[in-house]
Amino acid sequence: MEQTFIMIKPDGVQRGLVGEIISRFEKKGFSLKALKFVNVDRPFAEKHYADLSAKPFFNGLVEYIVSGPVVAMVWEGKGVVATGRKLIGATNPLASEPGTIRGDFAIDIGRNVIHGSDAVDSATKEIALWFPEGVVHWQSSLHSWIYE
Ligand code: UDP
Ligand code: MG
């Protein structure tokens, strides 16, 4: 089944949104496969955002990600990459729909609370970077109440 990498950024942690965000993914029916609460260093943040290294906001983005602890997670489910991005909302929170995480809880693009992989192949790369030890193998007992 498809997996995605989700990270609650330092502002989401500081603002007490960890439980709310996890709850939204749980209530949708997605399944938690890995979770850790960590501080990342600059080289690691630069690797995570390597595709954006030429962007003018890259340095500020890396500073933001290393500014405090983050919650790194792997979520699994049918269509979880694209639907996870829908739960998260548009990159610029002022353009994110109400009902999305960024639409409900953020204002500035550089303080947009959460990261989610943008495609299945980037999810695979990000999961390997953040969880080289692998994820937890289990199946929820609710599986047959969520999938037909
Ligand atoms: N970002 C920023 N300024 C911009 C565009 C992006 O600070 O003009 C930050 C923002 O935190 C965003 C992250 O860089 O979440 C990664 O950008 P991307 O385009 O991949 O957006 P995302 O996939 O997070 O929606
Ligand atoms: Mg992105």
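The values are calculated or read from the model by the stated rules, or taken from the named source; none is laboratory data. All of these numbers come straight from a predicted model, not from anything done at the bench. With ideal geometry, Cβ positions are generated from the backbone for all residues, glycine too; neighbour counts draw on all protein chains shown. SASA here: full protein model, heavy atoms, side chains in, ligands and nucleic acids out. Shrake-Rupley method; radii C 1.70, N 1.55, O 1.52, S 1.80 Å.
Could you identify the single residue in Lys27, Lys78, Lys33 that is touching a residue at least 60 places away in the same chain (Cβ under 8 Å), open to solvent by 50 Å² or more (accessible area, probe 1.4 Å), within 30 Å of Glu148 (Cβ to Cβ) and away from ligand 1 (no atom under 16 Å from the Cβ)? Explain how you work it out, then say what you get.
Values: Lys27 fails: touching a residue at least 60 places away in the same chain (Cβ under 8 Å); Lys33 fails: open to solvent by 50 Å² or more (accessible area, probe 1.4 Å).
One residue alone meets the criteria, Lys78.
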Tabulated pairs, the range 128-144, first under 16 Å from Thr4 (Cβ atoms) and open to solvent by less than 60 Å² (accessible area, probe 1.4 Å), second at pLDDT 95 or above and not charged (D, E, K, R), C-beta under 7 angstrom, 6+ apart or interchain: Leu129/His48; Trp130/Phe5; Trp130/Ala72; Phe131/Ala34; Phe131/Val74; Val135/Ala34; Val135/Val74
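Quick one: is Ile22 of a type in the set (Val, Ile, Thr) and more than 14 Å from ligand 1 (Cβ to nearest atom)? Even if it seems obvious, please write down each step before you answer.
On the way: of a type in the set (Val, Ile, Thr): yes; more than 14 Å from ligand 1 (Cβ to nearest atom): yes.
So Ile22 fits the description; yes.
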Candidate set: the range 39-54, residues that are assigned to a loop (DSSP other than H, G, I, E, B) and under 19 Å from Pro10 (Cβ atoms); chosen: the one nearest to ligand 2 (Cβ to nearest atom): Tyr49
Need pairs with beta-carbon distance below 6 Å; first residue surrounded by 12 or more Cβ atoms within 10 Å (Cβ to Cβ) and within the range 85-100, second of a type in the set (Gly, Ala, Ser) and assigned to a strand (DSSP E or B); sequence gap 6+ or separate chains. Arg85/Gly116; Ile88/Gly116
So Glu63, is it without any contact (Cβ under 8 Å) to a residue 60 or more places away in the chain, exposed (fewer than 14 other Cβ atoms within 10 Å of the Cβ), within 13 Å of ligand 1 (Cβ to nearest atom) and not aliphatic (A, V, I, L, M): yes
